[in-house]
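What follows is one structure encoded as structure tokens, with my remarks underneath.
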Amino acid sequence: MKLLYSYMGRLCVYIINFTSLYLSFIPAIIEHKLVYVRQVLFVLPFCFIVFSYAQAQSAQKRAVAGPTLTEPLIVGQKVPEEFWKREHLFYVNGDTTRKNLEDYRGKVIILDFWASWCGACLENFKKLDEFKKEFGDDLLILLVNPKRYRDDYKKVEKVYMDQFPQQESSFPTIIFDEYLIEIFPHLGIPHYAWVNAKGRFTAFTDTGGLAKESITYQIKNPY
């Protein structure tokens, strides 16, 4: 009912404003400027309809988006608690599971945003695999496949079958992501977001930033 009263109130305001505008043109009618008046009276209802439609669309978008928007992180900030607590859909060893990132606290994390159609992303998996073997438990490489990249389960599965024929060499990947790409926004891929052992967003890089020295520094110099 509150929503109905709100809409009725807005409608009344529109009617009052429209009436006031209409009456303001009476002198023009008296002076026989009927051509201009007809044009104005045609435009006013049209504007009223467009404005009402825009208001309705805006309200609908706000309802879909929810009450708050996810704020992008700035390098140097700590990731929010939601980063660890929020559940994601993981593709692991040919299957899917839902879990959060709580188990990964205290490690250097490289979030690798990728897509099946990104050749450079797939090529870099080899380098990441070498880092994984060298740094072991000190480093977590987590692939992230955002929903907006339009990959489906079959495409992800094919990439894993082609790139990681031996399951023990594969990385976990979050699929259909919508949250991580919001807090780590970017334009091109490959794109890597670095989170250190103390949960701080320390860097974002492209392929050029994937270096052994960078990982060693992140592990030995948390802040």
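With a/c under 1.5 counting as rounded, go ahead and sort segment 141-180 into rounded, prolate or oblate using the C-alpha gyration tensor (a ≥ b ≥ c being the square roots of the eigenvalues; past the cut-off, prolate if a/b is larger than b/c, else oblate). List each step's numbers first, then the result.
On the way: a/c = 3.61, a/b = 1.53, b/c = 2.36.
Because a/c hits 1.5 or more and a/b fails to exceed b/c, segment 141-180 counts as oblate.
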Quiz item: Per the Kirkwood formula on distinct C-alpha pairs, the Rh of segment 73-223 is how many angstrom?
Solution: 15.5
Quiz item: Once the Cα gyration tensor of segment 157-218 is diagonalised, what are the square roots of 5 times its eigenvalues, in whole Å and ordered largest first, as equivalent ellipsoid semi-axes?
Solution: 23, 17, 12
Quiz item: Taking a 29 Å limit on the Cα-Cα distance, which of the listed pairs LYS133/LYS158; LYS78/LYS154; LYS99/LYS132; LYS99/LYS127 fall beyond it?
Solution: LYS78/LYS154
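Set the Förster radius R0 to 25 Å, insert the Cβ-Cβ distance between ARG98 and LYS132 as r into 1/(1 + (r/R0)^6), and round the FRET efficiency to 0.05.
0.60
Between rounded, prolate and oblate, where does segment 72-152 land on the alpha carbon gyration tensor, with a ≥ b ≥ c its root eigenvalues, rounded for a/c under 1.5, else prolate if a/b exceeds b/c?
Values: a/c = 1.39, a/b = 1.14, b/c = 1.21.
Taking the square roots of the gyration eigenvalues as a ≥ b ≥ c, segment 72-152 is rounded.
Each reported figure results from applying straightforward, stated rules to the coordinates on display, with no laboratory input. What you see is a predicted model, and the numbers here were worked out from it, not measured in a lab. No Cβ is skipped: glycine too gets one built from the backbone with ideal geometry, and neighbour counts run over all protein chains shown.
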